[in-house]
Amino acid sequence: MPQKKKFYITTPIYYASGRPHIGHSYTTVLADALARWQRFKGADVMFLTGLDEHGEKVEEKARLAGVEPQEYVDRINEDYVEVWKKLDISYDRYIRTTGADHMRRVQAIFQRLVDSGDIYPGSYEGLYCTPCEAYWLPSQLDEDGNCPDCHRELRRMSEPSYFFRLSKYQKPLEELFAREEPFLVPAGSAREMINNFLKPGLQDLAVTRSAFDWGVVAPNDSKFVIYVWIDALLNYITAMGYPDNTADMERYWPADIQLVGREIVRFHTLIWPAFLMALDLPVPKKVYAHGWLLFDNVKMSKSLGNVVDPLVLAERYGVDSIRYYLLSEMGYGVDGSYTNSDFLQRINTDLVNNLGNLLSRTTAMINKYFDGVLPYVSNVECSSEESEWDLDLRNAGESLFHQVDTAMAEPRAANALDHIFTFAARCNKYIDLTEPWVLGRDAAHRDRLAVVLRNLSDGLRIIAALLQAFLPRTAAAMAEALGLSAAPEQLTWEQVQVWGVWQPTEKIAGGVHLFSRLDVDAEIEALNKIYSEQ
Ligand SMILES: [Zn+2]
């Protein structure tokens, strides 16, 4: 048997300086949908996420909390694991940078680069942002002379340090950005890297710190800890066993896609590939920079006090409501905007009125007119108009997989969902056109009615199969309502491209409600109350 195609996908490892919020959830839910989509297509998927637990900021947070840094990150880690569980995140591996294997491997890699001359000793003087743990060049500052990432004030620091010879990789990185198959998408992000960093010329990067202890000790010089960003970036290969355990590394590396928020693009598309080049490893096939989820158009952040709790939303409205909202709201590389009102309205319009209604109407009619068992009718006389409606629906259903697959390859998850929900709307429209309740009044139209309901059920089967990657619980509930719980073979990526496959193994009971209609104003009030009491 030929070996399955592999698919390695990563989220950034999140910084353990605070609890997870809905912004982290967006990245992780997107990664989860992409991973599930590839599994659906039969790939051997490796989905990696985890926690970045070192650095000055963590050390300081722990001190403020009056606990040891390890205890502090252990608590944060519990929060993350709980949220991922609640959001049905199907990661295959989870890495923490305080893990012994990771730390040992980071040291081995660092030593290797010292030996090869890619890392060398020197001394650093420059403008430093403590919250971002980054040095900045005068040319990189914002209009006020502050940190270009967080816009806080910088301080002048001078310290001995080891440096990574980033400048040596100027040319290979230029070539990487010029290659035909884009390394970084969307294109706007790539242009930013070229204009802001590659064109001015890359400077060597300080890769050690000596002002604090909470990090991986430099193996060749114990006065230093390794810069938290280097420690963090290496997780994508240490989690695969590099450099000492090569089986998974050979199987999965290079990553097929790495997801990053746009504030960390520079690290992932300049420094990270340069490190890989220095190690003679291939670079990731693609890096996708997504926008931020804005809360009423302001970036969500703890300091602004506008954090939305994904656990509260998942608990109250079901995990698939929040998954649906995140995946459909975030456009390709642009910012999404969250408001409670928008979230609640989308549940009503898309999940209740469109999808939920289609399923409940179809199954209720099968139950009502055929007692839950639809006869198989092969050929029915019908008007040319009617056969056109049937053919349109069939064509739309059969081409849906390809549309979704194309969108997911980019990755445009919002477009993928839009295709699916547009098809659901089309099925609802088909009900309006064919008027099954009129057909049901006359025994002479019984065969035609059976054909109409079979077409609708087949459309729903395709929707349920495709939604497995996005809304796994909803997909399972739909399959059950369609009598397909025991027939997963009708929900595969191959069968989803074929019309007329639906063959339930159970009676259709009807009376299914996927999502409940919400009173938006009352819910906004309830949410405000919950948050104010937290
Ligand atoms: Zn900063």
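The values are calculated or read from the model by the stated rules, or taken from the named source; none is laboratory data. Remember, predicted model here, so these are calculated numbers, not experimental data. All Cβ positions, glycine included, derive from the backbone under ideal geometry; neighbour counts span all protein chains shown. For accessibility, only protein heavy atoms count, side chains too; no ligands or nucleic acids. Shrake-Rupley method; radii C 1.70, N 1.55, O 1.52, S 1.80 Å.
Here are a few things to note about the model shown:
- Inside the range 322-337, residues that are touching a Leu at 6+ places or on another chain (Cβ under 7 Å) and crowded, with 23+ Cβ neighbours inside 10 Å make up a count of 4.
- Residues of the range 32-61 that turn out to be part of a helix (DSSP H, G or I), open to solvent by less than 20 Å² (accessible area, probe 1.4 Å) and closer than 19 Å to Trp229 by Cβ, as a count: 1
- Any chance Pro186 is open to solvent by 70 Å² or more (accessible area, probe 1.4 Å) and either touching a residue at least 12 places away in the same chain (Cβ under 8 Å) or within 16 Å of the ligand (Cβ to nearest atom) (or both): no
- Among (1) in a helix (DSSP H, G or I); (2) surrounded by 20 or more Cβ atoms within 10 Å (Cβ to Cβ), the one test that Ala469 misses: (1)
- Strands (runs of 3 or more DSSP E) lying entirely in the range 89-154 (those with 3 or more residues that are within 16 Å of the ligand (Cβ to nearest atom)): 119-129, 134-136
- Within the range 196-210, the set of residues being part of a loop (DSSP other than H, G, I, E, B), farther than 19 Å from Tyr15 by Cα and hydrophobic (A, V, I, L, M, F, W, C) comprises just one member, Leu202.
- The residues on offer are Leu259, Leu202, Leu279, Leu234, and the sole one that is open to solvent by 20 Å² or more (accessible area, probe 1.4 Å) and among the hydrophobic types (A, V, I, L, M, F, W, C) is Leu202.
- Residues in the range 1-29 that are without any contact (Cβ under 8 Å) to a residue 60 or more places away in the chain and within 21 Å of Pro254 (Cβ to Cβ): 4 in all.
- In summary, Arg412 fulfils each of the numbered conditions (1) open to solvent by 20 Å² or more (accessible area, probe 1.4 Å); (2) out of contact with any Phe, Trp or Tyr (no Cβ under 8 Å at 6 or more places or on another chain); (3) of a type in the set (D, E, K, R) with the single exception of condition (2).
- Lone qualifier among Val81, Val106 - being open to solvent by less than 50 Å² (accessible area, probe 1.4 Å) and at pLDDT 95 or above: Val106
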